[in-house]
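Step one of this worksheet: look at the structure below.
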Amino acid sequence: MDRVENRVLIKFSGEALASENGFGIDTKVLKYLADEIKSLKDAGFEIATVIGGGNFIRGVSAAQDGVIRRTSGDYMGMMATVINAVAMQEALEYDGICTRVQSAIKMEQIAESFIVRKAIRHLEKGRVVIFGAGTGNPFFTTDTAAALRAAEINAEVLLKATKVDGIYTADPLKDKNAKKLDGITYKEVITNGIKVMDSTAVSLCMENN
């Protein structure tokens, strides 16, 4: 199916919501992001989002000492993304934007279950759709979930909103010798080990143009 030109999926990191606190949700940041999404929507774009859960927990980190199994840690991380999705929904609706949260894990009192046709219908009706709980499977990141959902809803563009202003050869917050790249191919990202997104997400983007 052809891509929809004005349909965009934006991936936010969970850490971004925490601001300088490093944990939880800063409502000022939440309001800022909602305002940014509103400006895109006012410009005529259909918008879906995926938000990570790192401001509460990361599956890999939770399981690093072996007390918590990786699968359980990942499910905990998925639930954290739903917390963020509900918070973002509240901020968007505060801005007067009709919003729906769809979860890859059934949470009927909180969110709709993910159904791609329903998500597309929401977008066509002008609603912002927030996809929570990742892919619903352990061992997959929210970057991969964003790439998967972008392909499923036929989005033209996947944007990743992060703490730096572009793609670098290394993390510029950790490596002072990191160089900003003006352009890069999917294969170069994978071959050179550029960590802006995980390789599964990049491969999905490459396969789906």
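The values are calculated or read from the model by the stated rules, or taken from the named source; none is laboratory data. Please read these numbers as outputs of a predicted model, since none were measured by experiment. Please note: Cβ atoms are built from the backbone with ideal geometry, for glycine as well, and neighbour counts cover all protein chains shown. Note: areas computed on protein heavy atoms with side chains; ligands, DNA, RNA excluded. Shrake-Rupley method; radii C 1.70, N 1.55, O 1.52, S 1.80 Å.
Convex hull volume per residue, computed on the Cα atoms of the stretch 163-209, equals 80 Å³. Projecting the Cα atoms of I167, F114, G24 onto the charge dipole of the chain, computed from C-beta unit charges around the Cα centre, puts F114 farthest toward the positive end. Charged side chains reduced to their Cβ positions (Lys and Arg at +1, Asp and Glu at -1) give the chain a dipole of some 240 debye around its Cα centre.
Accessible surface ranking for I37, I115, I184, 1.4 angstrom probe, highest first: I115, I184, I37. A straight chain from V60 to L40 at 0.36 nm per residue would run longer than the Cα-Cα distance by 3.9 nm.
About its Cα centre, the stretch 1-74 has a charge dipole of approximately 180 debye under the convention of +1 per Lys or Arg Cβ and -1 per Asp or Glu Cβ, with nothing else charged.
Distance between the 7 Å Cα→Cβ label points at D182 and K106: 5.4 nm. Once the Cβ-Cβ distance of D175 and V116 is raised to the sixth power relative to R0 = 45 Å, the FRET efficiency obtained is 0.70. Highest mobility in the GNM of the chain, judged by mean-square fluctuation with C-alpha springs under 10 Å and restricted to E188, E15, E112, is found for E188.
Figure note: T142, T49, T200, T191 ranked by solvent-accessible area, largest first, 1.4 Å probe, ligands and nucleic acids not counted: T191, T200, T142, T49. Share of carbon and sulfur in the accessible area of the stretch 1-149 stands at 52%, probe radius 1.4 Å.
Between D2 and R69, the FRET efficiency from the beta-carbon distance, with R0 = 41 Å, is close to 0.45.
Along the chain, counting only trypsin sites (Lys or Arg not before Pro) with a DSSP assignment other than H, G, I, E or B and at most 15 other Cβ atoms inside a 10 Å radius, the longest segment between sites is 4-68.
A Gaussian network model of the chain, with springs between Cα atoms under 10 Å, assigns the largest mean-square fluctuation among A62, A147, A85 to A62.
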